[in-house]
Amino acid sequence: MPSPPTIYPVLQYRDAPAAMAWLERAFGCRILSDHRDEAGAVVHAELMLGNGIIMTGSCKDDGPFMLKTPRETGFSTQSIYVVVQQVDALFERAKAAGAEIVWGIRDTDYGSRDFSVRDPEGHLWSFGTYAPAFPAD
């Protein structure tokens, strides 16, 4: 059995419930946990994609984890890259779900077939066949 991931990207959304539903529809994410407060805001959620997991929740307007979405700031400060084999099929699925196309399907000079899109709140996602070398030790 493979080891669980040790790095978990965290993406905050202004409308986390809608974002989670969109991530399921567009990318095939599977919701593993979904914890909400009395008002229905997502306090903590975990979504699995391939063998990776992202954590998410509703944006907070105060406190140490006050984060804004890329749509709110007008720019991204990070992006997510996911290794997939069926790039073309996933591109069509994401496009059908309304993903904003940043780069359409392309073949790179380093041997990857990939694409990049933005989700409804502006987070940048890239998918491709290139997998970084994983050390055996």
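Looking at S79, is it surrounded by fewer than 15 Cβ atoms within 10 Å (Cβ to Cβ), within 15 Å of D119 (Cβ to Cβ) and touching a His at 6+ places or on another chain (Cβ under 9 Å)? Answer is yes for this residue.
Conditions tested, residue by residue: (1) hydroxyl-bearing (S, T, Y); (2) part of a loop (DSSP other than H, G, I, E, B); (3) over 16 Å from the mean Cα position of the chain (by Cα).
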{"position": "H35", "(1), (2), (3)": "no, no, yes"}
{"position": "H44", "(1), (2), (3)": "no, no, no"}
{"position": "M48", "(1), (2), (3)": "no, no, no"}
{"position": "I80", "(1), (2), (3)": "no, no, no"}
{"position": "A89", "(1), (2), (3)": "no, no, yes"}
{"position": "V102", "(1), (2), (3)": "no, no, no"}
{"position": "P135", "(1), (2), (3)": "no, yes, yes"}
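Checked against the criteria, D15 does not count as touching a helix residue (DSSP H, G or I) at 6+ places or on another chain (Cβ under 7 Å), open to solvent by less than 90 Å² (accessible area, probe 1.4 Å) and among the acidic types (D, E).
Can you say whether A26 is modelled with pLDDT of 95 or more, open to solvent by less than 80 Å² (accessible area, probe 1.4 Å), touching a Phe, Trp or Tyr at 6+ places or on another chain (Cβ under 6 Å) and within 13 Å of E121 (Cβ to Cβ), as far as the supplied structure shows? Answer is no for this residue.
The values are calculated or read from the model by the stated rules, or taken from the named source; none is laboratory data. Computed from a predicted structure; not experimentally measured. Glycine also receives a Cβ, built like all others from the backbone with ideal geometry; neighbour counts cover every protein chain displayed. Remember, those area values only see protein heavy atoms, side chains included, never the ligands or the DNA or RNA. Shrake-Rupley method; radii C 1.70, N 1.55, O 1.52, S 1.80 Å.
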